[in-house]
Amino acid sequence: MIRSELVAAVAEMHPHLSHKDAERVVATVFESIVQALADGRRVELRGFGAFSTRDRDARIGRNPRTGEQVEVDAKRVPHFKAGKELRERLNPGG
């Protein structure tokens with residue numbers, strides 16, 4: 001599912017919202033998650049999962065085109081852990 005399909009699903013599920021309002025809802029949710037992660041906070045959506053960040057150390061990488069070694073800076077990367085209900089819906093009976 002892509003973002004436009006998500007907006008369409010929200011608009012369909014809530015007919016009192018215009019398409020533009022549904023876009024604002026989706027954008028606000030995404031922006032809130034991104035801002036919380038940027039601030040170093042964790043975002044937990046019960047039954048769905050939790051978004052957090054992980055630190056990656058600096059390392060020596062390799063340019064795949066030339067084979068040349070390059071330095072890769074330390075960075076924070078997003079991480080998602082699926083919640084119990086999501087895992088159970090993906091793997092019923094198991």
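The values are calculated or read from the model by the stated rules, or taken from the named source; none is laboratory data. All values reported here derive from a predicted model rather than from experimental measurement. Cβ: placed from backbone, ideal geometry, glycine included. Neighbour counts: every protein chain shown.
Key figures
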read-out	value
Complete set of residues in the range 83-94 that are assigned to a loop (DSSP other than H, G, I, E, B) and over 25 Å from Q35 (Cα atoms)	N91, P92, G93, G94
Test: A36 is out of contact with any helix residue (DSSP H, G or I) (no Cβ under 9 Å at 6 or more places or on another chain), modelled with pLDDT of 95 or more, surrounded by 11 or more Cβ atoms within 10 Å (Cβ to Cβ) and in a strand (DSSP E or B)	no
Residue in the range 12-29 that is closer than 28 Å to L90 by Cα, under 12 Å from the mean Cα position of the chain (by Cα) and modelled with pLDDT of 95 or more present	yes
V7 at pLDDT 95 or above and within 15 Å of the chain's Cα centre (by Cα)	no
Top-ranked residue in the range 46-62 [being of a type in the set (K, R) and under 23 Å from the mean Cα position of the chain (by Cα); ranked as farthest from I33 (Cα to Cα)]	R56
Candidate set: the range 39-57, residues that are loosely packed, with under 10 Cβ neighbours inside 10 Å and basic (K, R); chosen: the one farthest from R3 (Cα to Cα)	R54
Among (1) surrounded by 10 or more Cβ atoms within 10 Å (Cβ to Cβ); (2) hydrophobic (A, V, I, L, M, F, W, C); (3) in contact (Cβ under 8 Å) with a residue 12 or more places away in the chain; (4) out of contact with any His (no Cβ under 9 Å at 6 or more places or on another chain) - the single one I60 does not satisfy	(1)
Selection count, the range 63-79, where residues are out of contact with any Leu (no Cβ under 9 Å at 6 or more places or on another chain) and surrounded by 11 or more Cβ atoms within 10 Å (Cβ to Cβ)	3
Residue within the range 63-82 that is among the small types (G, A, S), over 22 Å from V34 (Cα atoms) and part of a strand (DSSP E or B) present	no
